[in-house]
1. Peptide B:166-172: average number of partner chain Cβ atoms within 10 Å per residue?
2. Full extension from residue A:455 to residue A:35: what is 0.36 nm times the residue separation minus their Cα-Cα distance, to one decimal in nm?
3. Evaluate the distance, in nm, between pseudo-label points positioned 7 Å from the Cα of residue A:434 and of residue A:101 along their respective Cα→Cβ axes.
4. Show me A:361-367, B:21-27 ranked by packing, highest mean number of other Cβ atoms within 10 Å first.
5. Please list B:144-156, B:39-51 highest first by mean number of surrounding beta-carbon atoms within 10 Å per residue.
6. Take residue A:276 and residue A:14, extend 7 Å from each Cα along the Cα→Cβ direction, and tell me the distance between the two endpoints in nm.
7. To the nearest 0.05, what FRET efficiency results for residue A:329 and residue B:212 with a Förster distance of 56 Å applied to their C-beta separation?
8. In Å, the Kirkwood hydrodynamic radius of chain A over pairs of distinct alpha carbons?
Ligand SMILES: Nc1ncnc2c1ncn2[C@@H]1O[C@H](COP(=O)(O)OP(=O)(O)OP(=O)(O)O)[C@@H](O)[C@H]1O
Ligand SMILES: [Mg+2]
């Protein structure tokens with residue numbers, strides 16, 4: 001009968017008492033866990049001897065923080081959540097019928113914010129101050145949005161797990177860098193060329209992996225990504241190896257104005273305004289924004305075309321596809337090629353923006369980050385993926401700004417180093433909270449009477 | 001192929017088809033024909049190789065031997081065993097459904113039916129290029145495809161749920177949707193793998209109505225375990241056992257064929273007696289009644305028919321008793337050595353062979 005005693009005692013105890021007890025347990029566990037990790041630290045002193053640094057203060061802070069956190073969670077957050085859940089259960093209809101204004105107009109608001117972002121930043125910080133915000137945040141995030149939207153075609157729509165997506169990014173970047181530096185071709189010619197080149201390699205990758213599914217497909221695409229990187233490193237005569245290619249020409253304003261200070265048609269001279277590097281950044285921002293819109297437009301259009309439906313059908317059931325006369329070979333290849341093409345576009349933009357490319361930029365970690373964004377956002381959903389890119393990339397950029405963390409963790413704490421930890425934590429939390437990503441539901445591509453989102457529990461992730 | 005006058009009427013001709021999986025002969029030297037405009041039923045106990053025949057016809061398996069000829073209405077002829085998998089629906093116009101339903105469960109009903117019209121729409125969209133830029137020719141084709149989808153949704157009595165995910169449908173509706181989806185490919189021959197399996201009587205009726213609609217325009221090849229359905233709607237029956245054809249003909253002739261009865265007992269109440277005498281009553285009756293319990297004493301056939309046997313074998317129409325795996329029962333009838341099945345078994349999918357025969361009644 002001992003088993004039944006403890007729940008009864010739980011019922012008798014008030015939430016605060018219970019929270020206090022749980023907080024003590026949590027503190028004890030935290031102490032046990034961290035006493036060696038945080039309390040003691042091995043270090044070298046001046047005479048090169050190994051010494052133990054004792055950090056009891058820090059340990060105390062961590063343990064107390066754990067206890068307080070647990071106390072607040074059990075004592076206040078949990079009852080509040082339960083109450084909210086009970087309320088929701090009591091009035092389910094009202095909650096379902098009235099999505100908030102922001103949610104209803106999410107896409108329009110998003111587009112408006114993106115279009116106005118540089119203007120707002122310039123007004124707030126001036127041209128010089130805007131550089132960081134437009135470049136590090138705006139452009140950086142939008143590149144990842146575009147990459148993730150491209151990968152979304154392969155993974156989210158066609159259900160083909162591609163771990164080597166960064167290879168196409170590299171192909172696009174090097175296509176632009178090489179053709180731009182050797183032949184001096186303009187960005188506007190090289191952009192489609194880089195896209196085509198990447199699409200070609202997409203098909204090249206597609207052919208051998210057509211018969212593979214699931215884990216095997218993932219491993220081969222992973223290898224493909226590494227092969228492209230190793231070729232770039234070792235093919236020194238062409239790619240200049242790990243030293244990379246520098247002096248990549250800047251994008252011109254459709255050939256009318258240039259962003260090189262020395263050129264006669266430098267934008268500031270033409271328009272008669274003060275010199276600033278911000279013009280180029282703002283121009284690049286709108287350029288990548290345009291490319292993102294292109295990706296979104298094409299993805300949305302393709303989904304409503306037979307080829308896009310075939311991709312999704314392929315993700316749902318490949319055998320049924322074949323029984324309906326769909327050529328799964330070409331369907332998979334078009335998915336690889338289309339996804340790769342957008343990767344190539346993003347790559348050529350990246351090369352133009354950096355002015356320098358090296359194999360360093362195209363490591364497996366990049367593929368993993370892009371994949372994480374797609375999964376976190378919700379496979380197949382453009383809005384969710386954009387939000388995920390904002391959170392993941394914006395979050396890691398924000399970490400550079402958080403100098404106050406130094407006050408907490410000591411002067412040699414570099415928040416940047418913890419970005420992978422943040423990545424992992426965010427992934428775990430979101431996957432627990434929303435196992436199908438921010439937007440787990442699926443928009444149907446056609447409807448007879450009314451468009452109703454398809455719940456994520458019916459869609460499949462695909463096997464290949 | 002002999003140039004008989006009925007050549008035009010034959011839509012599917014299977015000749016000397018064999019399919020081996022390693023040492024297992026799933027189909028051995030099977031030949032049969034399906035006539036245009038008819039419902040041809042393919043029946044046989046579990047594991048007889050029916051689904052394997054379908055997989056050979058629709059290109060999912062490449063047969064070890066044999067020839068499968070399909071004659072289309074416009075006079076063109078296709079050798080199905082030579083066509084790639086996806087071209088069989090696209091060019092030879094053969095559509096199929098699956099024994100375990102395969103829908104695109106995360107897509108709506110309408111989308112399921114639109115995917116089935118892929119090839120037509122692909123052409124209309126200029127292989128994506130015209131469609132991407134919103135040309136009106138594609139928009140017209142797209143509207144037509146939605147009309148066709150709506151037509152089949154209405155036939156399948158699913159139009160109210162057109163915008164729901166397919167995975168959300170009840171089982172019977174999923175079956176009908178799968179058939180509607182196959183019909184959206186515009187087939188001349190429709191292959192249905194156990195469409196009535198697991199349906200309740202109401203769903204069965206809805207299915208029959210749909211099949212009756214389809215039969216007017218499309219020839220049907222049907223695998224079915226429910227004998228009432230087979231006897232009611234099929235024009236021609238082919239019986240398989242252990243991959244070999246044991247009978248072929250009209251439903252009437254097949255159901256009185258002793259080889260079939262032995263392999264695959266499926267008879268009506270009033271016929272039990274005649275059948276049992278025909279097949280060597282005493283043994284059958286004895287074993288049907290007592291099952292594995294050999295200690296149970298034998299009796300006269302009449303007393304058994306009055307009592308337990310009628311309870312166990314004959315009931316409402318549609319019940320069926322399959323025999324356990326072992327040597328071919330039809331072969332035993334041929335040899336006249338021992339005409340009775342050794343151990344009558346309940347439907348093997350539900351329970352392992354060897355249990356006492358029981359009425360199956362309506363499924364589920
Ligand atoms: N891919 C395969 N590999 C090996 N053996 C197979 C394969 N497919 C079918 N078989 C075997 O072929 C035989 C016939 O199987 P099949 O599925 O065609 O039977 P069926 O008549 O459809 O039975 P059921 O009524 O249970 O659906 C079985 O013994 C089965 O195990
Ligand atoms: Mg079968």
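1. Mean number of neighbouring Cβ atoms from other chains: 2.
2. That works out to 146.6 nm of additional length.
3. Roughly 2.2 nm, to one decimal.
4. Per-residue Cβ counts within 10 Å, averaged per peptide and sorted highest first, yield A:361-367, B:21-27.
5. Going by the mean number of other Cβ atoms within 10 Å, highest first, we get B:39-51, B:144-156.
6. 5.9 nm
7. Details: r = 38 Å, r/R0 = 0.67.
After rounding, the FRET efficiency stands at 0.90.
8. Final number for the Kirkwood radius of chain A is 25.5 Å.
Read the figures in this text as sums done on the coordinates, not as results from a lab. Note that the structure is a prediction, hence the values are computed from the model and not measured. A quick note on method: Cβ atoms are made from the backbone with ideal geometry, for glycine too, and the neighbour counts reach across all protein chains shown.
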